[in-house]
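Structure, as structure tokens:
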Amino acid sequence: MSDARGDAADIGLVIPDLGNPFFPSLVQAVERAARARGVGVLIANADNDAAIEHDAFRMLIERRVGAILVSATHITDSVATITDAARVVPVIQLDRVVVESLPWVRADQAAPIAEIVTHLRASRRQHLAFIAQQTSIPTSQEREAEFTRLMAEAFPDQPLRIVKEAMSPEIGRAAAREIAATWPET
């Protein structure tokens, strides 16, 4: 990526999936904060595709944005694009961190899982299952790892009950039916 950066006040925002309910809220928050500072936001939806994400970075750099905020599409496939872009323009990772050496802002993924498991165990539930997203998404990996750790700690003799799926309401319902059929005690 060549250095096409100017003194533009606009920033770029690259999100992996506008259909994911988390990201419209993120877009709104970024736009509100930018607007309050007189900054415009150019938004690119990567459709969960690292190649589209790469093209979005190139387009934003060519448009001379002053910085790029990104929530990466893939835990490994996004690394080169983000690292290369950071040599040209400031890059801040939002939520999905794939390059630890670059600035990032994110939510704790483990704490909510721990709270849910603690709550379910307090209500005497002993057979828990987890619907995991794709393992290519950093936040998904972190949530699944925490569930796995907690279950191994609390119920070391039980089989781990995890169904891995892409996320949508329809797929979530199908995964729940699979859990009920595979592990009726859950």
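The values are calculated or read from the model by the stated rules, or taken from the named source; none is laboratory data. The shown structure was predicted, so the numbers you read here are calculated from the model rather than taken from an experiment. Cβ: placed from backbone, ideal geometry, glycine included. Neighbour counts: every protein chain shown. Only protein heavy atoms, including side chains, enter the accessible area calculation; ligands, DNA and RNA are left aside. Shrake-Rupley method; radii C 1.70, N 1.55, O 1.52, S 1.80 Å.
Per residue of segment 31-38, in order, report the coupling 6.51 cos²θ - 1.76 cosθ + 1.60 (Karplus, θ = phi - 60°) as ³J(HN,Hα) in whole Hz, putting x for Gly and Pro.
5, 4, 5, 5, 4, 4, 9, x
Sticking with the crude label model, points 7 Å out along Cα→Cβ, report the distance from ALA107 to ARG64 in nm, one decimal please.
3.7
Let me make sure I get this right: for segment 7-75, a, b and c are the square roots of the gyration tensor eigenvalues over alpha carbons, sorted descending. Under 1.5 in a/c it's rounded, otherwise prolate if a/b > b/c, else oblate. Which is it?
The shape class here is oblate.
Please report, in debye to the nearest 20, how large the charge dipole of the chain is about its Cα centre when each Lys and Arg carries +1 at its beta carbon and each Asp and Glu carries -1 there.
Here the size comes out at about 460 debye.
Excluding ligands, DNA and RNA, what is the solvent-accessible area per residue of the chain at a probe of 1.4 Å, expressed in Å²?
Normalised by residue count, the accessible surface of the chain is 55 Å².
I'd like the accessible area for SER168, computed on protein heavy atoms only with a 1.4 Å probe and all protein chains in place. Round to 10 Å², please.
Roll a 1.4 Å probe over it and SER168 shows about 40 Å².
At 7 Å along the Cα-to-beta-carbon direction for both ALA176 and LEU42, put a label point, then send me their distance in nm to one decimal.
4.2
Can you give the Rg and Dmax of segment 128-177 based on its C-alpha atoms, in angstrom?
11.3, 32
Per-residue ellipticity at 222 nm for the chain, helices alone: DSSP H runs ≥ 4 residues times -39500 (n - 2.57), over residue total, nearest 500 deg cm²/dmol?
Values: 6 runs with 80 residues, N = 186.
Calculated mean residue ellipticity at 222 nm is -13500 deg cm²/dmol.
At a 1.4 Å probe radius, carbon and sulfur cover how many percent of the accessible area of segment 1-144?
For segment 1-144, the apolar C and S fraction of the accessible surface comes to 51 percent.
Any number yet on Rg/Rh for the chain, C-alpha, Kirkwood? Write down the numbers at each step before the final one.
Details: Rg = 19.3 Å, Rh = 18.2 Å.
That ratio equals 1.06.
Evaluate E = 1/(1 + (r/R0)^6) for GLU185 and PHE22, where r is the Cβ-Cβ distance and R0 equals 35 Å; express this FRET efficiency to the nearest 0.05.
Efficiency, from the Cβ-Cβ distance: 0.65.
Can you tally the net charge around THR135? Count Lys and Arg as +1, Asp and Glu as -1, for every other residue whose Cβ sits under 15 Å from the Cβ of THR135.
-2
Normalising by the residue count of the chain, find the relative contact order in percent from Cα pairs under 8 Å and 6+ residues apart.
Averaging sequence separation for qualifying contacts and normalising by length gives 18 percent for the chain.
Where nothing but the Cβ of Lys and Arg (+1) and of Asp and Glu (-1) is charged, how large is the charge dipole of segment 46-122 around its Cα centre, in debye to the nearest 20? Mind dumping the intermediate values first?
On the way: 7 positive and 11 negative charges, 47 e Å.
Around 220 debye, computed over segment 46-122.
Using only Cα atoms, locate the centre of segment 135-186 and the centre of segment 67-96, then give the distance between them in Å, rounded to an integer.
First find each Cα centre; the distance between them is then 28 Å.
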